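To start, the structure itself, in structure tokens.
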Amino acid sequence: MIQTDPARVRHVRTASRSGRRPGGGWLRCCCLLLIITGCATGRGLCADTVDATPEKPGVENLSTNSNEVTGVLTNAMPEFMRKKPSLPVLVLRDKREGTYVTGIPLIGYDPEKGFNYGLALQRYEDGPKDSPYFTHAPYRRKITLSGANSTGGSAHAILFYDQPNVNDSPWRIRTYVAWVKNERSNYFGNNDHTMDALMYPGSPESFSKIDDYKDSQERVINGATYADYNLYSRQDGVAAFNLEYDFLGGTLRPLIGFQIDYADIGDYTGREYNGGTNEPTLLFTDQQQGLVWGFNGGWNNLMRLGLTYDTRDYEPNPTRGVVAQLLAQGGVGAFGSNFTYGQVTVNFMGFYPLFPETTRLVLAGQLGYNVKFGDIPFFAQNSLALPNDEARQGLGGFETMRGYVSNRYTSDVFMNFNGELRWTFGDYTIFKQTITTMLVPFFDSGRVFDTVSETTLKDWKFDGGIGLRLAWNVATIISFDFGASSEGTLFWMELGHQF
């Protein structure tokens, strides 16, 4: 599967390892703050097509001490939405009528990918305020366009479309097309031995810190180096389509979807690096031993089925509710895929407000379990089947464990838990641009297994950290997360919450 999340535009990221030119993420952070505060002097990309300040004629008696809408909507609630919770009052207070656009610069320095530069645009349509879709749906339509490049050989171009309640119906469409290139994709193996300490053939040592490991690999000794031992290059062209339908008053959604993906894979064995020649990479070695599928890339086309139970009050930034998901996908020759395999993902998320009468504090948690079987291409082994998060990666990276590099731990079975305490501590308005700030301490844990029968709660990996979140015009969430683990520290800037 493609390793990008089109809805949240996750993979032009800033991941700054301690001891390796730190501070690139902070450059990105500063640029983001400049573009936001720039709204005070010129509308620019922050311009919207409507005035955000008029009264809400369709929603009356909003109380900031309540989580429910106590007024009466001008238009009647459709039967298929009768059990959907209303949006939080503080969201409705700031939610915009009509159409608006937000723009986020993707600028920063990554010690592996070089200087990143690009832009993400998000166009929202919220509809009229007297509509039940205004008070009970995240938006009527969302379009995301993102493009970025880097001096280190990574780039992406993504167009994403999401429309709940198509033509005032129970149907929802989510689709995207993307081209993604990453010349420094990580590969640490494809079984539970990835849980072991870091090692490579050019050194008798084992390493506990990722920075020390990388520094050792990059040495050139007698014309040989292992600088690219855990790396490979990848380009994907992908298109995906998901269709959902609301049952049980809008709380239960079956899903059917498909993905067409071609992956072009490149190996770095024999490549020149700083006057030395790369020794065989781990990916090449595993391929020679018959341990991996998909060494040369190929078509990874999938059909997807799923079922989601969802009671969240506001999808982009929930304050209460639960999500339970069961999803399955697979690739077979009949779909034009070069690989025959299956995948099942079970995922639970919960959001609970603590002390709602005195503070805006939300306890958030996620528990996931993922199983794959069949001839799995190594580049799809780390992905999940969740709709809108199809490319969430295996353990390591912003999506799962923020204190570890991407794809640090991979096998046929993996399980992860994430916990966050989201404290909203500020609301600001800058020329009709609403900015809400959140402080988010977090905790991540996970483990991979070769088979389901080996699942255990022993020897899990853990990390923790602190994050700053900005909610821009309610629906656009920007995350700045600093994660620390036994292997090092990383800084991430991403669109959206982790979950």
For residue 319, residues with placed amide H under 5 Å, excluding near neighbours
313, 314
Taking Cα pairs closer than 8 Å and at least 6 residues apart, the relative contact order of the stretch 74-195 in percent is 19
Among 166, 371, 238, what is the fewest-to-most ranking by other Cβ atoms within 10 Å?
166, 371, 238
Net charge around residue 192, counting only other residues with Cβ within less than 10 Å of its Cβ (Lys, Arg = +1; Asp, Glu = -1)?
-4
What residues qualify as long-range amide H neighbours of residue 98, i.e. H under 5 Å apart, gap of 5 or more or another chain, H built at 1.01 Å from N?
126, 127
Could you list 303, 493 in order of exposure, starting from the residue whose Cβ has the fewest other Cβ atoms within 10 Å?
303, 493
Taking the alpha-carbon centroid of each part, what is the distance from the stretch 234-273 to the stretch 286-339 in angstrom?
7
Return the sequence-ordered ³J(HN,Hα) values of the stretch 293-301 in whole Hz as given by the Karplus equation 6.51 cos²θ - 1.76 cosθ + 1.60 applied to θ = phi - 60°, using x for Gly and Pro.
9, x, 4, 9, x, x, 7, 10, 8
May I ask you to evaluate 6.51 cos²θ - 1.76 cosθ + 1.60, the Karplus curve with θ = phi - 60°, for each residue of the stretch 272-285 and list the ³J(HN,Hα) values in order in whole Hz, giving x for glycine and proline?
6, 8, 6, x, x, 10, 5, 5, x, 6, 5, 4, 4, 4
J(HN,Hα) series, the stretch 319-324, from Karplus relation 6.51 cos²θ - 1.76 cosθ + 1.60, nearest Hz, glycine and proline x
10, 7, x, 9, 9, 10
So who's got an amide H within less than 5 Å of the one on residue 434, skipping anything under 5 residues away but keeping other chains? H placed 1.01 Å off N, in plane.
473
Length-normalised contact order of the stretch 290-447, Cα under 8 Å, at least 6 apart, in percent, tallies to 17
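Read-outs throughout are calculated quantities, based only on the coordinates presented, and are distinct from any laboratory measurement. Computed from a prediction, not measured in an experiment: that's the story for all the values here. In this analysis, Cβ positions are derived from the backbone assuming ideal geometry, glycine residues included, and neighbour counts consider all displayed protein chains.
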